[in-house]
Amino acid sequence: MRQNKKTFSHLSLQDAQSIQPILKAIEKGIIKGKMTFSDEEDTIELKPEGLLRFKLTASESDTKHQLNIKISWNIDDPKLDDKSILSVTSGCLGKK
């Protein structure tokens, strides 16, 4: 069976403060079960349901630090592949 696939992609430069409302809107969308992403070119609506697969990767080099967050779910057959526990902390690293 052939599946229709629609994708949305957006790339922009933002400072840490301007990203916070975007992340909060994603959080609220996950809680409410509906997220709409749009820009001048495209729109997509996602409805998270069931068990969500969560993947986080972080890397650093001398010139670039990167954080990728991926959240996915299956509409027809949601299954949780891994039940490992993730810990995320925030704050400043202070001198001892």
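Summary table
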item	result
Close pairs (8 angstrom Cβ cut-off, 6 or more residues apart or separate chains): farther than 27 Å from Ser90 by Cβ in the stretch 20-49, in a helix (DSSP H, G or I) anywhere	Thr36/Gly29
Any hit, the stretch 67-86, residues being at pLDDT 95 or above and more than 13 Å from the chain's Cα centre (by Cα)	no
From the options Lys34, Lys28, Lys55, Lys64, residue that is more than 15 Å from the chain's Cα centre (by Cα) and either loosely packed, with under 10 Cβ neighbours inside 10 Å or at pLDDT 95 or above (or both)	Lys64
Qualifying residue in the stretch 3-12 (condition: in a loop (DSSP other than H, G, I, E, B), surrounded by fewer than 10 Cβ atoms within 10 Å (Cβ to Cβ), in contact with a strand residue (DSSP E or B) (Cβ under 7 Å, 6 or more places away or on another chain) and without any contact (Cβ under 8 Å) to a residue 60 or more places away in the chain)	yes
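The values are calculated or read from the model by the stated rules, or taken from the named source; none is laboratory data. Quick caveat: nothing in here was measured; it's all calculated off a predicted structure. Positions of Cβ are backbone-derived with ideal geometry, glycine not excepted, and every protein chain shown enters the neighbour counts.
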